[in-house]
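J.: Sending over a structure as structure tokens; questions will come in a sec.
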Amino acid sequence: MGDHILDQQRAPDAVRCLVLPAKAQPGGATAPRAGARYVMELRWLQDFLMVAETGNFTRAAERRNTSQAAFSRRIKSLEAWLGFDLIDRSVYPTQLTPQGERFREHAGELLRQMLDARVELGGKPVRRQEHIRIALPFAMATSRLPHWWQLWSQERRLSCSVVVGNIHDLVTSLVSNNVDLMICYHQAQQPIHLDPDRYERAILGTEFLRPYASQALVTKGGASLPGRPTHPVPLLMYSPGVYFARLVDLILENAPVSGARVIESDMSDVLCEMALAGRGVAWLPESTVAASGRKGLTAVGGDKWALPLSMVAFRDRTNSQRSLNLFWSELCRYGTGQAGGGHERSIPRSTAKSPSRSSRSGR
């Protein structure tokens, strides 16, 4: 790597930094003083790649387990070392500069090469883990992924990075190749438009999105659907634009309700907690209610206010990563047949613990 050397004194057990003799940099205000040795830490590359992936300094700092102030300083240090801006700070939300977009690929490749070199040349036999990057909604990450991961990773040396977000962010991560696998809820009336020739999918199971309320609210008569104009039902609703908000709108188009919005959130877990507290009626996935571990929620209104959902995994067919191919084979191992013109595999509900009749009612 020319003048690049590892700082062995600072990082005997981890690849941490590169040490370079200082050179004159474009935009001299950010360049180190002439003749000085200037250290570029590899964690700066990790920081930059994280903010490039999330598009948000606050979320990136949280995922890097540091304060936003320290995180911003490290990004500025990387820019000073490079001699050009990576982040366009004149716009919101966060965007990379043209140089930042080009540097993103170099940063990822450099980081991979350095870590691979350490494993290969370190003299210590290392059994490398297969690593998968998975994007999925927060509700699935908390209620479904623990069981799925136990099933998929058994008897294998496997690790994963979990990225949570809304449907738009998850799809963006998949098509940008920032994750290997996307898992999300899917409903035919609100399809996710991904080219089936490019993106393979597997159905992991089905469950229902249905209205729930606390037993106390039901007892008081405050959760009786469809409600009346004189006694509107208090509704705990998803924020506009959220995928579940569109699904609830579909339900209410077919089965109107006389209600009043009292709370909005883009997270089903928040609405679940509010429903448990007796604040109103919330449409929740069955798994979210089951994962809450509490018996205080009751399904209300009947099936006319419920909607079936598929849980679907997507992957890019052009991603030939060995670990992904092996993982996908394991994920599809329980498939029972082809659907959708050969683009979809169906995995029976036995791969995820199906709620019993009593748990479906929330009792």
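The values are calculated or read from the model by the stated rules, or taken from the named source; none is laboratory data. From a predicted model like this one, the values you see are computed outputs, not experimental measurements. Because the Cβ atoms are built from the backbone with ideal geometry, glycine has one as well, and the counts that use them run over all protein chains shown. SASA here: full protein model, heavy atoms, side chains in, ligands and nucleic acids out. Shrake-Rupley method; radii C 1.70, N 1.55, O 1.52, S 1.80 Å.
J.: Which condition does Asn178 not pass, out of (1) in contact (Cβ under 8 Å) with a residue 60 or more places away in the chain; (2) open to solvent by 10 Å² or more (accessible area, probe 1.4 Å); (3) polar (S, T, N, Q); (4) farther than 23 Å from Arg317 by Cβ, if it passes all the others?
T.: Here Asn178 clears every test but (4).
J.: Here is a list: Ala275, Ala216, Ala282. Which entry is within 26 Å of Ser310 (Cβ to Cβ), in contact with a Gly (Cβ under 9 Å, 6 or more places away or on another chain) and not aromatic (Phe, Trp, Tyr)?
T.: Exactly one residue qualifies, and that residue is Ala275.
J.: Here is a list of conditions, (1) in contact with a Ser or Thr (Cβ under 7 Å, 6 or more places away or on another chain); (2) open to solvent by 10 Å² or more (accessible area, probe 1.4 Å), and Tyr243 meets all of them except one; can you say which number that is?
T.: (1)
J.: I'd like the full set of residues that are open to solvent by 50 Å² or more (accessible area, probe 1.4 Å) and charged (D, E, K, R), limited to segment 184-218.
T.: Asp195, Asp197, Arg198, Arg201
J.: Okay, moving on. Does Phe244 satisfy the criteria of being in contact with a Phe, Trp or Tyr (Cβ under 8 Å, 6 or more places away or on another chain) and among the aromatic types (Phe, Trp, Tyr)?
T.: yes
J.: For residues that are surrounded by fewer than 16 Cβ atoms within 10 Å (Cβ to Cβ) and more than 30 Å from His131 (Cα to Cα), scanning just segment 274-326, find the one that is modelled with the lowest pLDDT.
T.: In this case the residue turns out to be Arg294.
J.: Considering segment 231-270 alone, what residues qualify as being assigned to a loop (DSSP other than H, G, I, E, B) and over 13 Å from Ala282 (Cα atoms)?
T.: If the condition is that a residue be assigned to a loop (DSSP other than H, G, I, E, B) and over 13 Å from Ala282 (Cα atoms), then Pro232, Pro240, Gly241, Val242, Ala255, Pro256, Ser258 are the ones that fit.
J.: Against the definition (modelled with pLDDT under 90 and open to solvent by 20 Å² or more (accessible area, probe 1.4 Å)), how does Gly221 come out, yes or no?
T.: Criteria not met by Gly221.
J.: Something else about it: May I ask you to list the residues in segment 253-269 that are among the hydrophobic types (A, V, I, L, M, F, W, C), open to solvent by 20 Å² or more (accessible area, probe 1.4 Å) and in contact (Cβ under 8 Å) with a residue 40 or more places away in the chain?
T.: If the condition is that a residue be among the hydrophobic types (A, V, I, L, M, F, W, C), open to solvent by 20 Å² or more (accessible area, probe 1.4 Å) and in contact (Cβ under 8 Å) with a residue 40 or more places away in the chain, then Val257, Met267 are the ones that fit.
J.: Hey, another quick one. Could you tell me whether Leu20 is at pLDDT 90 or above, open to solvent by 20 Å² or more (accessible area, probe 1.4 Å) and in contact with a strand residue (DSSP E or B) (Cβ under 7 Å, 6 or more places away or on another chain)?
T.: In short, no.
J.: Across segment 118-148, which residue is modelled with the lowest pLDDT among those that are buried (at least 16 other Cβ atoms within 10 Å of the Cβ) and over 15 Å from Pro285 (Cβ atoms)?
T.: Arg118
J.: I would also like to ask the following. Give segment 43-78 a look and list any residue that's open to solvent by 30 Å² or more (accessible area, probe 1.4 Å) and aliphatic (A, V, I, L, M), or say none.
T.: The answer is Leu49, Met50, Ala69.
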